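Sharing a structure below in structure tokens format, with a few things to ask.
Since every read-out is calculated from the coordinates, none of them should be taken as a lab result. Since the structure is predicted, the reported quantities are computational estimates derived from the model, not experimental observations. As a convention, Cβ positions derive from the backbone with ideal geometry for all residues, glycine included, and neighbour counts pool all protein chains shown.
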Amino acid sequence: MVDYLPEDAQSTDAMDVMDQEFDGSVPNTRVMIHDVTVQEALVFKEELSSIDGVSDVTWLDDAIDIKTPIEMADADTVETYYKDDNALFSFSIRDGDEVEITDAIYDLIGEENAMAGEALDTATQQKMAFTETMYAAALLIPIIVIILVLSTTSWMEPVFFLTAIGVSVLINLGTNIFIGEISFVTQSVAPILQLAVSLDYAIFLLHSFADYRQKVADPNEAMRLAMKRSFPAIVASASTTFFGFMALTFMNFEIGSDLGVNLVKGIVLSFISVMVFLPALTLMFYKWIDKTQHKPFIPKFKNIGKRVVKLRIPSLLLVFLLIVPAFLAQGQTSFIYGIGEQPDSTRAGSDVVKIEEEFGKNTSMVLLVPKGDIAKEEALVNDLEDMNHVTSVLAYVNTVSAAIPPEYLEESVTEQFYSENYSRVILQTNTDTEGETAFGLIEEVQEVAKSYYGDDVYSLGESVTLYDMKNVVQRDNTVVNLLTVITIAIVLLVTFKSISFPIVLLLTIQSAVWINLAVPYFTNSSLVFVGYLIVSTVQLAATVDYAILLTEAYKEYRKEMPALMAIKRTIDEKLFSILVSASILSSVGFILSLTSTNPVVSSIGLLLGRGALLAFIMVVFFLPAMLLVFDKVIDKTTWKANFYKEK
């Protein structure tokens, strides 16, 4: 996640300075060894240090002189590293090789000891990204096939749908080689999301083709007419999703750009596949569709529109009662800015619990301050040691001695603390990696350091990175949501040549988004922010298709009949298509949520699954009520509406 922070973020600058000035880096992993003496722990420290890619192993001997009895040392300092014959080591793992190095550490420590930390989280997610995507796809494709078989009248049609979109998903994954690298969040989410969002295009085209086959004898002519008729709906559907995903690329926090570029690429490839490859495939093998016809498994919905229309007043009242609290609540949700906690069912999750039960929470933080003024450095270290939640401070002045000039000592003694220009101070704290307490401590540490050294101070560590992430993504939230709404509004404006239709459609879907994102506030649970940001965009961009499908049909029927009759007929005819799309997207979401141990992916899945269901309910109940209530306004604010007027 650190790689996706913008270049001008404080922790990004701090990383660059530390890389230039020091060989070591911020401790990002901890290991706890059970039932060892001090001497055995020192031997283990040597073994750990000898693993290629492990550096700056810190233990009790770095904080106190262990030649003297440890009973005489400060108890809090000792218990940060050694407690009840358990030893806790902090160290750094080389970037890019987390999987191999953590595997080597597991081999060394065995099953009975524990490891935790940011590098291990990264290794776990990298391992799981591919296998979990495959597992999710293995569960999802049969469910999608069942939904498609139930919704069509040929055994082969679902194969055509999945082939057309599957080809575009594979091409999209293959073209990532030109980007160089992608995030494991993108790897886990993008292929499945592309499949779910763009399957509609194939369904629109083949349903239209089936209609024209009954009217026209020549399959080529039927396909030509089907492409012509379904093109506006597919373009409108693809455009809203395209611009919604494009909005993600404007995020300063570049994970949005990583995912946005992938999804935009996917939508374009799916569109081309449906408009070029699918017609060719269908015309080559349409006889297979004819030979594999079966009776409809689900009877046509009749008189559903009549029942839905009866509920229009309760639907309007309920949504208008919910909309303001939902809008306010979704703005008050508490967020997690990192990857989130590993589930206890995984070894990484259970190891965190073991370490915290023994040693409490521990987060490392590094300060880089200008080198040279020993007295000032000593005063700073004293102030840091007195702070709440700071359990130990490692610096030259309190580990070696403020009285010994560093130039009198060998470089091997001083290199951990001094570079050519900077002095390095390592803090151990007992806060979480994020949250009010952790972020408050970061601000306090930065303020104290600046009171001594002005702005020439750098801080880094996992919690500092998350603090920067929080500040970056909060700005992103406003930009992305505004861009999504504005671009989709423009697409709807062009599609419907109307001012009122886009307002009604956006209010319908945006209300579903607000209600969805308000649920965590009312259930008192935290949301992974990346998931929140992606879903607030994706839900709006992907589910507005349902509203477009219903409104397009209503607009056409309204030219031939009164509003009430037009809405009843529209619901009867389009409810099934909307239900198919919503059930596919909802299944995708809930399966991602159930199968992924990555909290970001799981969070995206849950929000997406619930969001698709809410959007379906809003489009079926609230949107028809709005179209009926504002029928006269829509007539007057739509170019060439030509609505039916009763004589």
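Show me the three semi-axes of the equivalent ellipsoid for the chain, from the C-alpha gyration tensor (sqrt of 5 times each eigenvalue), largest first, rounded to whole Å.
Output for the chain: semi-axes of 58, 26, 20 Å.
For the chain, find the longest principal axis of its Cα atoms and tell me its angle to the long axis of helix 38-49, 0 to 90°, nearest 10.
The angle comes out at about 50 degrees.
Separate question: Between beta-carbons, use under 9 Å as the cut-off and find the net charge around Thr391, counting Lys and Arg +1, Asp and Glu -1.
Within the 9 Å Cβ shell, the charges total -2.
Let me know the volume per residue of the alpha-carbon convex hull for the range 152-297, in Å³.
108
Right, something else. Angle, helix 184-213 long axis vs. longest principal axis of the chain, Cα atoms, 0 to 90°, nearest 10?
Helix 184-213 sits roughly 0 degrees off the main axis of the chain.
Now for a different question. Given H placed 1.01 Å from N in the peptide plane, which residues other than close sequence neighbours of Ile336 have an amide H under 5 Å from its amide H?
Correct list: Leu527, Val528, Phe529.
Can you compute the modelled spin-label distance between Leu482 and Ala104, with each label point 7 Å from Cα toward Cβ, in nm?
Output for this residue pair reads 4.9 nm.
Can you list residues whose amide H is under 5 Å from Asp74's amide H, if they're 5+ apart or on another chain and H is modeled 1.01 Å from N?
Result for Asp74 returns nothing.
Counting Lys +1, Arg +1, Asp -1, Glu -1, what net charge surrounds Ser154 among other residues with beta carbon under 15 Å of its beta carbon?
Once all neighbours under 15 Å are counted, the net charge is +1.
Quick check on my link table: of Lys83/Lys361; Lys127/Lys470; Lys574/Lys632; Lys306/Lys555; Lys300/Lys555; Lys83/Lys354, which ones sit more than 20 Å apart, alpha carbon to alpha carbon?
Lys127/Lys470; Lys574/Lys632; Lys300/Lys555
I'd like the orientation of helix 312-330 relative to the chain: the angle between its Cα long axis and the longest Cα principal axis, in ° from 0 to 90, rounded to 10.
Around 20 degrees separate the two axes.
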